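Values in this text are rule-based calculations from the coordinates and carry no lab data. Bear in mind the structure is a predicted one, so any value in this text is a computation, not a measurement. Reconstructed Cβ throughout: ideal geometry from the backbone, glycine too, with neighbour counts over all protein chains shown.
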Amino acid sequence: MSTQAVIAACGRSAVCRAKKGALARSHPIDWSAQVLRGVLNRIPQLSPEEVADVVVGCAMPVRGLNLNAARLITLRAGLPDSVCAQTINRFCASGLQSIATCANAISAGQEEVMIAGGVEDMSHTFKTADPADQNPWLAAHNEGAYMSMGLTAENVAKKYGITRLEMEELALRSHQKAAAAQDAGFLNRSVISVTVPGEEGGEVCVSMDEGIRRNTTLERLAALEPCFRADGVVTAATSSQTSDGAAFAVLMSQEKAAASGIQPVARMCSFATAGCDPRYMGLGPIYAVPKALKRAGLSLEALDVIELNEAFAAQALACIRDLGLPLDKVNPWGGAMALGHPMGATGIFLTAKALDYLQVTGGRYALVTMCIGGGMGAAAVFERL
């Protein structure tokens, strides 16, 4: 017997710059646990004992996020030992996958209350792959298997004839939109403040996204050197920022929400993934979005907001063109080139941002989509309740 799964609450940390940001000074389990506890505090009608499982997405579950980070975060947040946890990995879509995993389990009647999460500590885990770790056969026979994400962006730019100026114009708009949204207080609607060690001792409260460059200009962007190929067109400014962050969403059955007196904020109408050539991994949304829209029974015209992860300006522009996405609906509060891309957390970060946008504007439907390292795409449609 199936039931409807709904999102009862969601929240996120501020997205901080990797290595240089505030979260880099603290263990990721600590600040992730603070975010998890903060999201649960938003629905005091729910007792932590009622949570069956916590599913946390993480693209690089190593170092401080190894040994089943989901379980460690759950314990650090003070949830009862009875609450189970699992860590999953669909690279850049890990957070979105965690929402889908929870929604599917609840809809199937397996569980009544679950928490979806995502976390990434790029300050300490993100590095260039060691050739010694590569599978020899794949390295010899599949050019895209271990290709750097930056080179795939160069491939997409060449394939679609996207110029450096076009990419820099998109990056500039991303920063401008993010700055305006931050000034209006929109970006902070879902932020859970966390406390971390200060640079000079003591503690500081982290509650503001760090990546926005308010004074950037096209002239400054044009002065940057390509960073993936000497004769390339992709720069650091037209790539997503490496970031630290965590985000969580509480899901439950519609019946449980009603019985607990909880007003749900949204439901996941559909979810889809699709594979593509790893050499052009940024094109993944082109194949995933139509599947998600078809499963939701909706057209592009029905969408009120589209959160398209800006892994790179090149792939974002290619997806916008190929899918025919209306520019006024894409990332109205800025994208990953301005706000960052904490990979495992990005799916829930974008979902929270999209749902906040629907709340502010009175819209109904949101699309969240991203490309995935290794040649995939993911997309989900949400309805505000």
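Tabulated values for the structure
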item: Gain on full stretching of the segment that runs from Gln176 to Lys19 - 0.36 nm per residue minus C-alpha separation; result: 54.1 nm
item: Cα Rg, Dmax (largest Cα-Cα span) when computed across the chain, Å; result: 19.6, 61
item: Amide H within-cut-off set for Arg364, under 5 Å, with H built and near neighbours excluded; result: Asp304
item: Partner lysines for Lys256 [C-alpha distance under 28 Å; skip if fewer than 8 residues away on the same chain]; result: Lys353
item: Long-range amide H partners of Cys269 with built H, under 5 Å; result: Val381, Phe382, Glu383
item: Per-peptide average of other Cβ atoms within 10 Å, ordering 304-312, 22-30, 167-175 highest first; result: 304-312, 167-175, 22-30
item: Under 19 Å from the Glu169 label point (7 Å along Cα→beta-carbon), backbone N, the stretch 216-256; result: 216-224, 233-235, 237-239
item: Whole-angstrom gap from the stretch 311-384 to the stretch 223-250, using each part's C-alpha centre; result: 16 Å
item: For the stretch 110-178: Kirkwood Rh in Å [reciprocal of mean 1/r, alpha carbons]; result: 16.4 Å
item: Under the Karplus curve 6.51 cos²θ - 1.76 cosθ + 1.60, θ = phi - 60°, whole-Hz ³J(HN,Hα) for the stretch 90-100, x wherever Gly or Pro sits; result: 10, 6, 5, 9, 4, x, 5, 4, 5, 5, 4
item: Estimated dipole of the stretch 189-260 in Debye, rounded to 20 [Cβ of Lys and Arg +1, of Asp and Glu -1, Cα centre]; result: 340 debye
item: Sum of -39500 (n - 2.57) over DSSP H runs of 4+, divided by residues of the chain (222 nm, nearest 500); result: -10500 deg cm²/dmol
item: FRET efficiency, 1/(1 + (r/R0)^6) with R0 22 Å, evaluated for Leu218 and Lys158 via beta carbons; result: 0.50
item: The stretch 170-191 and the stretch 1-42: distance between their alpha carbon centers, rounded to Å; result: 19 Å
item: Cβ crowding within 10 Å averaged over residues, with 34-42, 138-146 ranked highest first; result: 34-42, 138-146
item: Unit charges at the beta carbon, dipole of the stretch 253-385: most positive-side option, Leu308, Ala379, Ala336; result: Ala379
item: Residue-wise HN-Hα coupling along the stretch 347-357, computed from phi with Karplus coefficients 6.51, -1.76, 1.60 (Hz; x: Gly, Pro); result: x, 7, 4, 5, 5, 4, 5, 5, 5, 4, 4
item: Placed amide H near Val191: partners under 5 Å, 5+ positions off or other chain; result: Arg12
item: Gyration tensor verdict on the stretch 300-363 (Cα atoms; rounded if a/c is under 1.5, prolate if a/b is larger than b/c, oblate otherwise); result: oblate
item: Relative contact order [Cα under 8 Å, 6+ residues apart], the stretch 192-328, whole percent; result: 16 percent
item: Gained length - Asn68 relative to Thr361, 0.36 nm times residue gap less alpha-carbon distance; result: 101.6 nm
item: Among Gly297, Gly347, Gly334, residue whose mean-square fluctuation peaks in a GNM of the chain (springs only between Cα atoms under 10 Å); result: Gly297
item: Label-point separation, Ala258 to Met208 (7 Å along Cα→Cβ), nm; result: 4.5 nm
item: Of Lys291/Lys329; Lys177/Lys329; Lys158/Lys291; Lys177/Lys294; Lys127/Lys291, those spanning more than 22 Å from alpha-carbon to alpha-carbon; result: Lys158/Lys291; Lys177/Lys294; Lys127/Lys291
item: ³J(HN,Hα), Karplus 6.51/-1.76/1.60, whole Hz, each residue of the stretch 157-174, x for Gly, Pro; result: 4, 5, 4, 9, x, 7, 8, 4, 4, 4, 5, 5, 5, 5, 4, 4, 4, 4
item: Net dipole in debye of the stretch 258-361 [+1 Lys, Arg Cβ; -1 Asp, Glu Cβ; about Cα centre; nearest 20]; result: 280 debye
